[in-house]
Amino acid sequence: MQRQNVPYFSVGLTGGIGCGKSTVADLFAAHGATIVDTDQIAHSLTAPNGAAMPALVAEFGPDYADARGALDRTKMRKLVFSDAAAKAKLEAILHPRIRQATLAAAAEATGSYVIFAVPLLVESGGWVERVNRVLVIDCLESLQVSRVMARNGLSEEQVKAIMATQATRAMRLAAADDVIDNNGDLAALAPQIAQLHDLYLAFSKRMA
């Protein structure tokens, strides 16, 4: 279980699009966990005057910044979906900055343990070794599609195209130490999270 040499117990929370990562993270936060959300950090890095924007503009050109000076996410998304080299360049700029910011946020954590919410934890490679346990939020792929269609107004084809760029359900489950089943409603999540919270609290106290 022990994979890293840091003074806090940490969990890497992940799941495919539409699996309910944000909902689960919020419920863990209500139990007293510190949540470090890499998506939120990435957004702050690419917001107007974000720390990554000068490097992104230098690499991709001013057309990839919008009128506010933030990353034009729609334009960048189209580029990296069609150009693997561009995707690699984007990741080379963002990933080290995201890692630095997540570690800084974790170092200031006041919760009973730290949960890193990382949508692409399995895909990114290095995260599995940087956390004590990997928690996967799992649901049927058909449910992922219907949830994202309802939430984001995307077509079924668009959702499936996004899913095709992510790790498969089987790959995520193979990387998991713990799994939360989110095929049901909110009420079905609560007892699963309470049980895992008790487990993580025990691990955290043991480390301390």
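The values are calculated or read from the model by the stated rules, or taken from the named source; none is laboratory data. Please read these numbers as outputs of a predicted model, since none were measured by experiment. Positions of Cβ are backbone-derived with ideal geometry, glycine not excepted, and every protein chain shown enters the neighbour counts. For the accessible areas, the whole protein counts, side chains as well, though only heavy atoms, and no ligand, DNA or RNA atoms are used. Shrake-Rupley method; radii C 1.70, N 1.55, O 1.52, S 1.80 Å.
A few comments on the model shown:
- When residues in the range 19-46 are screened for being among the small types (Gly, Ala, Ser) and touching a Pro at 6+ places or on another chain (Cβ under 7 Å), 0 of them pass.
- Residue check, Ala29 at pLDDT 95 or above and either within 21 Å of His197 (Cα to Cα) or open to solvent by 40 Å² or more (accessible area, probe 1.4 Å) (or both): yes
- Qualifying residue in the range 57-78 (condition: surrounded by 14 or more Cβ atoms within 10 Å (Cβ to Cβ), touching a Leu at 6+ places or on another chain (Cβ under 9 Å) and within 28 Å of Asp138 (Cβ to Cβ)): no
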